Amino acid sequence: RNKCQRLDLSGNARNCLLTGNSDSYRNLTGKGLRCLLDVPHSSGQEVYRNAHLSSRGFFSQPSQPLGEKIPSLQISSVGQPPHHFPAWSIQINRSFHTSPSLQAAPVPLFWIIVKPAQKLFAIILGRSIRKWWKALPPNKRELFKESARKNKWKILLGVSSLGVVFVMFYFTHLEETPITGRARLLVFGKEHFRELSQMEYDMWMEQFKSQMLPETDARYQVVERVVGHLSESNKDVPQVSALKWVIHVVEEPGVNAFVLPNGQVFVFTGLLDAVSDIHQLSFILGHEIAHAVLEHAAEKASLVHFLDFLSLIFLTLIWAICPRDSLAVVGQWIQSKLQEFMFDRPYSRTLEAEADKVGLQFAAKACVDVRASSVFWQQMELAEAVQGQPRLPEWLSTHPSHENRAEHLDRLIPEALKIRESCNCPSLSGPDPRLIFRLNMQHLLESSKGRGPPNSTKQDPSKPKLDFPHT
């Protein structure tokens with residue numbers, strides 16, 4: 001029971017959210033999160049005090065068919081009428097960004113200051129070598145070349161020794177990733193990033209100080225209880241129980257959420273608008289918690305720092321070999337882009353895939369319907385297509401494409417369902433949300449064939465039909 005716990009807000013809330021049977025499915029689609037929000041806020045606070053953490057996150061109900069008006073997240077500010085948050089009434093960014101740029105690769109403050117100086121030194125050194133070589137008389141150049149040929153084995157030995165130093169440094173700084181056991185380079189200590197995350201936290205709080213929802217807001221309470229339930233259900237993981245999860249819900253239309261290395265959770269209301277149900281929300285927040293638990297910030301910063309240090313050698317050579325400064329600038333730009341697209345971005349996509357896997361496991365232990373995870377990314381892909389947003393190749397992005405992400409999750413779902421079953425969770429007797437999505441997609445395509453021109457009285461074909469009956 002320590003490994004697998006259900007949401008303990010009340011018996012009704014547990015049955016409403018996590019049983020997954022057909023009755024609860026109908027109740028959820030009809031009543032939204034009323035079963036969750038009706039629970040007195042004080043009872044939720046007591047749960048978190050007992051767990052010694054402050055948490056945030058969101059739970060979702062069984063996935064609704066695409067195209068049906070989705071009342072599942074009828075969350076509103078206290079004292080205001082509830083708002084519907086249909087998954088298709090939102091403006092969606094190029095992709096769902098789960099890690100802001102600073103959080104994706106923070107570096108110790110010292111290296112933030114020193115890094116530009118290192119590049120400047122490499123440029124000055126390379127340029128000085130080039131000028132020195134040009135200033136040499138022809139006879140001295142020949143003597144220098146002849147000396148280099150005579151001592152080529154010594155030069156090769158020196159270069160090889162430098163390479164051995166880098167290889168030894170790499171392998172002596174390898175550590176195992178928590179939970180997954182993957183070997184990864186870790187140059188900086190975790191404590192450095194917890195200290196720096198406080199600085200980043202202050203920056204975000206200053207930026208969003210006028211947009212923070214109060215703790216009395218129903219949307220805040222939903223996020224708080226979801227994160228609290230995820231952390232309580234996974235408290236057997238030392239990295240989860242060691243952090244104090246603190247919730248911040250930001251009134252911002254962007255589809256975004258992120259967790260700082262020190263456990264500060266930020267959720268944008270645009271994400272609450274985008275999810276169809278509580279299960280999708282739980283998976284997404286599980287994914288974000290996984291980023292913090294797996295220490296991806298420290299890992300990404302370590303790789304970037306290691307590659308940047310190596311690139312100083314190539315940067316010096318570029319400025320030494322190129323005959324003109326303009327060519328050296330072009331060469332430097334090409335070198336930086338090669339590093340970005342061959343190492344940085346693929347590595348970021350690897351970390352995102354790992355966070356998806358671990359986040360799905362966290363959600364499974366919390367008795368979430370893990371089948372809804374892949375549906376979220378299919379919905380995101382459809383929403384972008386409906387809005388006519390350009391579809392960029394995956395290699396240009398730091399995140400996997402929505403399509404590949406959904407396929408990856410589909411391959412992981414059978415294992416997650418076994419984890420869920422081992423936690424004695426209620427059986428998922430309701431309809432598979434993936435099947436519902438496919439059926440509604442077929443219905444949507446069939447209904448779109450009979451639509452008239454845009455100036456007709458029929459629905460605009462650029463928008464999904466939101467009122468066809470439940471499949």
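The values are calculated or read from the model by the stated rules, or taken from the named source; none is laboratory data. Since the structure is predicted, the reported quantities are computational estimates derived from the model, not experimental observations. FYI the Cβ positions are ideal-geometry reconstructions off the backbone, even for glycines, and counts take in every protein chain you see. Side chains are part of the model used for accessible areas, which takes the heavy atoms of the whole protein and leaves out ligands, DNA and RNA. Shrake-Rupley method; radii C 1.70, N 1.55, O 1.52, S 1.80 Å.
Mind ranking 364-375, 115-126 by how tightly packed they are, going by the mean number of other C-beta atoms within 10 angstrom, highest first?
Going from most to least packed, we get 364-375, 115-126.
Give the residue list of trypsin sites (Lys or Arg not before Pro) in the range 376-453 that are DSSP loop and have at most 13 other beta-carbon atoms within 10 angstrom.
Within the range 376-453, the qualifying trypsin sites (Lys or Arg not before Pro) (loop, at most 13 other Cβ atoms within 10 Å) are Arg391, Arg451.
Report ³J(HN,Hα) in whole Hz for each residue of the range 407-423, in order, from the Karplus equation J = 6.51 cos²θ - 1.76 cosθ + 1.60 where θ = phi - 60°; Gly and Pro get x.
Values, residue by residue: 5, 4, 5, 4, 6, 8, 4, x, 5, 5, 5, 5, 4, 4, 5, 5, 8 Hz.
Put +1 on the Cβ of every Lys and Arg and -1 on every Asp and Glu Cβ in the range 164-223; which of Phe188, Val222, Phe208 then has its Cα farthest towards the positive end of the dipole?
Phe188
If you plug each phi of the range 309-316 into the Karplus form 6.51 cos²θ - 1.76 cosθ + 1.60 with θ = phi - 60°, what whole-Hz ³J(HN,Hα) values come out, in order, with x for Gly and Pro?
For the range 309-316, the Karplus-derived couplings read 5, 5, 5, 4, 5, 5, 5, 4 Hz, x marking Gly and Pro.
Can you tell me which of 252-258, 305-311 comes out highest on packing, and rank the rest after it, using the mean Cβ neighbours within 10 Å? Don't skip to the end; give the middle numbers.
Working: 252-258: 20.0, 305-311: 16.6.
Per-residue Cβ counts within 10 Å, averaged per peptide and sorted highest first, yield 252-258, 305-311.
To the nearest 10 square angstrom, how much accessible area does Ile334 have with a 1.4 angstrom probe?
80
Using modelled amide H (1.01 Å from N, peptide plane; none on Pro or chain starts), what sits under 5 Å from the amide H of Val255, excluding residues fewer than 5 places away?
Sorted by chain and number, the residues that satisfy this are Asn93.
Hey, can you grab everything whose amide H is under 5 Å from the amide H of Gln264? Only 5+ residues off in sequence or another chain; H modelled, so Pro and N-termini drop out.
The list, which skips near neighbours in sequence, is Val246.
For Asp217, tell me the accessible area in Å² from a 1.4 Å probe, rounded to the nearest 10.
About 10 Å², rounded to the nearest 10.
Please calculate the 1.4 Å probe accessible area of Trp333, with all protein chains present, and give it to the nearest 10 Å².
Only protein atoms counted, so the area is about 150 Å².
Could you tell me which of rounded, prolate or oblate describes the range 168-295, using a ≥ b ≥ c as the square roots of the eigenvalues of the alpha-carbon gyration tensor, with rounded for a/c under 1.5 and, failing that, prolate when a/b is larger than b/c and oblate otherwise? Intermediate results must be reported in sequence, preceding the final value.
Values: a/c = 2.25, a/b = 1.62, b/c = 1.39.
Prolate.
Suppose every K and R has +1 on its Cβ and every D and E has -1 on its Cβ; what is the size of the dipole of the range 271-333 about the Cα centre, in Debye to the nearest 20?
Numbers: 2 positive and 7 negative charges, 78 e Å.
Its charge dipole is roughly 380 debye.
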